[in-house]
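Down below is the structure, laid out as structure tokens.
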Amino acid sequence: MEMILYIASGALLAAGSFLVLVGTIGMLRLPDFFTRLHAAGITDTLGAELLLIGMMLQAGFSLITVKLILISLFIFFTSPTATHAVANAARTMGLKPALVPDEDIETTSVRRGSAK
Amino acid sequence: MVHIVGLGASLFGFWLLMSGHFGPLLISLGVASVVLVLYIAHRMDLYDRETFPVHLKGWIFGYWGWLAKEIFKANIDVAKIVLAPSLPISPRMVRVKATQKTDLGMVIFANSITLTPGTVAVDIEGDEIIVHALSQELADGVLNGDMDGRVTALEER
């Protein structure tokens, strides 16, 4: 049983590390700010969560596991909020997303009238 | 009232879990901090459905399960795109209709979009969310309205 847990947690930690690496590669390969946000998304969703679940298996039923669960919940709430904040700031400053078709830019341009 | 008691109980539970010590000194320090926080929150007039959404109850966990599955699938899609030698991206900016009635529902929907890799909610204008997507398929995943419907259903229960 001990052995199975050990292997499972190792596999999860390896998978999580791999996804963090993929996110980093994406940051380097993708062309502009908005597309890079998506690569960062891999790192702080599945990458971080798999690493945390791997650590929970190592910690077993203890207070440490409860804290790890709370950390994963906080990441779950804060990371999209932070991503939205930077994306929204970029849009407000008028940063044009690269490679997006022209009609998309037209239909999604800021409509002052309809904003709440 | 239910908000004050609920917030106080969850804050105290949080304190216990974080400290892991159950001696009288630390417990009373914990109670004192909780009371102080409750007093400050009261002064700031923060007790309402939004700061402590008791009305969402257990339904949210079912939604989280579904969302976790979507996040998993989207992660694999984006990882494939990133690792493919040709880097097959076709970014889109689209307007997505949000049918939620409350601000909290809109926030849950927008955050769910952002949490799913490959789509980021960039702005909210009226009842539309502006979404940047890494590829056409990922944009379609938001445009088909599945997630929107689930969040709206969550709101109504």
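The values are calculated or read from the model by the stated rules, or taken from the named source; none is laboratory data. The structure presented is a predicted model; accordingly, all values stated were derived computationally and were not measured. Glycine also receives a Cβ, built like all others from the backbone with ideal geometry; neighbour counts cover every protein chain displayed. Just so you know, the surface numbers come from the protein's heavy atoms only, side chains and all, with ligands and any DNA or RNA stripped out. Shrake-Rupley method; radii C 1.70, N 1.55, O 1.52, S 1.80 Å.
I'm trying to understand the selection: among the residues of segment B:148-157, which are in a helix (DSSP H, G or I) and open to solvent by 20 Å² or more (accessible area, probe 1.4 Å)? Within segment B:148-157, B:Gly149, B:Arg150, B:Ala153, B:Glu155, B:Glu156 meet the criteria. Under the condition of being surrounded by 15 or more Cβ atoms within 10 Å (Cβ to Cβ) and within 14 Å of chain A (Cβ to nearest Cβ), the residues counted in segment B:2-15 number 2. Considering segment B:16-73, and only residues there that are among the basic types (Lys, Arg) and either exposed (fewer than 10 other Cβ atoms within 10 Å of the Cβ) or at pLDDT below 90 (or both), the residue that is farthest from A:Leu46 (Cα to Cα) turns out to be B:Arg43.
Condition test on B:Val78, is it surrounded by 20 or more Cβ atoms within 10 Å (Cβ to Cβ), at the interface with chain A (Cβ under 7 Å from one of its Cβ atoms) and touching a Lys or Arg at 6+ places or on another chain (Cβ under 7 Å)? Taking the combined requirement at face value, the residue does not satisfy it.
Selection of segment B:113-129 for residues being assigned to a helix (DSSP H, G or I) and facing another protein chain (nearest Cβ under 7 Å) yields B:Thr114, B:Leu115.
Picking from residues in segment B:86-112 that are within 8 Å of chain A (Cβ to nearest Cβ) and among the β-branched types (Val, Ile, Thr), the one that is farthest from B:Ile76 (Cα to Cα) is B:Val94. A single entry from A:Ile42, A:Ile64 fulfils the requirement of being open to solvent by 30 Å² or more (accessible area, probe 1.4 Å) and among the β-branched types (Val, Ile, Thr): A:Ile64.
Remark: pairs (first residue in segment A:59-74, under 14 Å from B:Phe14 (Cβ atoms); second residue open to solvent by less than 30 Å² (accessible area, probe 1.4 Å) and assigned to a helix (DSSP H, G or I); Cβ separation under 7 Å; 6+ apart in sequence or on different chains) = A:Ile71/A:Leu52. Looking at B:Phe109, B:Phe72, B:Phe61, just one residue is of a type in the set (Phe, Trp, Tyr) and either within 22 Å of A:Gly23 (Cα to Cα) or assigned to a strand (DSSP E or B) (or both), and that residue is B:Phe72.
Just wondering, is there one or more residues in segment B:104-118 that are in contact (Cβ under 8 Å) with a residue 12 or more places away in the chain and surrounded by fewer than 18 Cβ atoms within 10 Å (Cβ to Cβ)? Scanning segment B:104-118, I find at least one residue that is in contact (Cβ under 8 Å) with a residue 12 or more places away in the chain and surrounded by fewer than 18 Cβ atoms within 10 Å (Cβ to Cβ), so the answer is yes.
Rundown of residues vs (1) more than 29 Å from B:Val131 (Cα to Cα); (2) out of contact with any helix residue (DSSP H, G or I) (no Cβ under 9 Å at 6 or more places or on another chain); (3) surrounded by fewer than 18 Cβ atoms within 10 Å (Cβ to Cβ), yes/no style:
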{"residue": "A:Met3", "(1), (2), (3)": "yes, yes, yes"}
{"residue": "A:Leu13", "(1), (2), (3)": "yes, no, no"}
{"residue": "A:Gly16", "(1), (2), (3)": "no, no, no"}
{"residue": "A:Gly23", "(1), (2), (3)": "no, no, no"}
{"residue": "A:His38", "(1), (2), (3)": "no, no, no"}
{"residue": "A:Met56", "(1), (2), (3)": "yes, no, no"}
